[in-house]
Amino acid sequence: MSRETGRESARNTAHERDRLRVENLTTRFFTEEGQVNAVESVSFDVREDEILGIVGESGSGKSVTALSAIDLIESPGRVTGGEVWLREPDLAEEFRDRTPDAVDGDFVDLRQLPKGVRRSLRGPKFSMIFQDPMSSFNPSLTVGEQIAEAVEVQRRASANPRSTRSRTQGYGLGKLIVDTLVPGREYTSDASRERAIELLEQVGIPDPVERADEYPHQFSGGMLQRAMVAQALAGEPDVLFADEPTTALDVTIQAQILDLLRDIQQDRGMSVVLITHDLGVIARMCDRVGVMYAGEVVERGSLEDVFEQPTHPYTQGLLGSIPDVEDPAARLQPIEGNVPNLVDSEMPDRCYFADRCPKAMEACLERPHERPVDGDPDHTARCVLADGEYDPATALEDGYFEETADATDGAADRGDAATDGGAGDD
């Protein structure tokens, strides 16, 4: 069997294991400053029993991508395009005749389903560990009560899944007031509270019975992050999004949280999407990687491909910013500049990384498309270097983009002056 045939066979097997496929997902925020292009035609797939890493600088669109995939974008944001295909045979069969365009075999496009159906999938199919547990937990309720509420929501919904009239979704402010004021009535059942204690124990919190009655401020940062993991597991999800789960934790606690996520993923057979800016976390945890910059996935592939054969200069820059443990005296090579402003009127019609790229060429002045690296469709980069070489003869001169910006600003100033002069003549 040839190398190409073997690669094709491996790729088909991998796609058969897809649990989630995100295609051309696009999210905009409509603000007073203008339209913000937070996520730009992002595509990735999540396979069974794997950890997919999404890495990039702050402001690259990582968290918004995750929130968009599970339909948690709030105003003034809106998912404006793309598809989110979930492998769920029962759901596909339910909508095969009703919405045939939303079904492809065992997969169903969640973006084409009613909002109530999409909402019902959060918990049993998708869940999320949010970035800051201290702000995610309600400070006026005990940790145990909040986890028990998550368990209760899934318990009630399981009696009538995906129904917009299920008891869970019909539970509103009126019933909450009644349950709060009427003696003997509570939203959460004893079974849900017991399950909450079990979850706290599973994530390694000591004395879970006592800790369940404590408030968030009584937990340390690491303990509260464990409690956040417990809450995310309440619905026993198939896909877990973990958004910067080790932020603001010391190195020892970070390692414990990462080990916990890995153990839970293996024990439950979950798929995990791990969002982080830390390449060390990616190297330790992930099977495949997507590198994001300015709302786009600029490179993706297996962990080995991305770390051993980085192709996009941004990926190379991220790896060059990591200290070399084998040569501690080696100088770091930080990426110059900052992530661009994502306001639509300020986004250039070229490669978004070109003004920070040490290998910028004339070809980079056009918008790049995703290309396979060395013909491998499982390792791609949104860069002309994916299937070409750096050509010094066409390299852009140092200061090219500063000169272009100055010329543009000068033209704008002259236009404003002409407008003001014309107004004065009137």
Expected vector for region 363-373, Karplus 3J(HN,Hα) from phi with 6.51, -1.76, 1.60 and θ = phi - 60°, integer Hz, x for Gly and Pro, equals 5, 7, 7, 10, 5, x, 10, 6, 10, x, 8
Rank these by accessible area, largest first, 1.4 Å probe: Tyr390, Tyr314. Tyr390, Tyr314
Where the only charges are on Cβ atoms (+1 Lys, Arg; -1 Asp, Glu), what is the dipole of region 225-302 about its Cα centre, to the nearest 20 debye? 80
List the residues, sorted by chain then number, that are 5 or more residues from Ile54 or on another chain and whose placed amide H is less than 5 Å from its amide H. Leu274, Ile275, Thr276, Gly290
Region 20-118, dipole about Cα centre (Lys/Arg Cβ +1, Asp/Glu Cβ -1), debye to the nearest 20: 320
Qualifying trypsin sites (Lys or Arg not before Pro) in region 178-278, DSSP loop, other Cβ atoms within 10 Å at most 13: Arg185
Residues meeting the amide H criterion for Ile129 (H placed from the backbone, H to H distance under 5 Å, 5 or more places apart or on another chain) are Phe241, Ala242, Asp243
Computed lengthening from His217 to Glu201, 0.36 nm per intervening residue step minus Cα-Cα distance: 3.8 nm
What FRET efficiency comes out for the pair Asp263/Ser345, r = Cβ-Cβ distance, R0 = 45 Å, nearest 0.05? 0.45
Can you tell me which aspartates and glutamates have their Cα less than 12 Å from the Cα of Lys359? Leave out same-chain residues fewer than eight positions away. Glu389, Asp391, Glu397, Asp398
So how far apart, in nm, are the two label points at Gln131 and Glu23 if each is 7 Å from Cα heading toward Cβ? 3.0
Place a +1 charge on the Cβ of each Lys and Arg in region 284-331 and a -1 charge on the Cβ of each Asp and Glu, then give the dipole magnitude about the Cα centre in debye, rounded to the nearest 20. 180
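The values are calculated or read from the model by the stated rules, or taken from the named source; none is laboratory data. Computed from a prediction, not measured in an experiment: that's the story for all the values here. Every residue, glycine among them, receives a Cβ derived from its backbone with ideal geometry; neighbour counts consider all protein chains shown. What goes into the accessible areas is simple: the full protein's heavy atoms, side chains included, and nothing from ligands, DNA or RNA. Shrake-Rupley method; radii C 1.70, N 1.55, O 1.52, S 1.80 Å.
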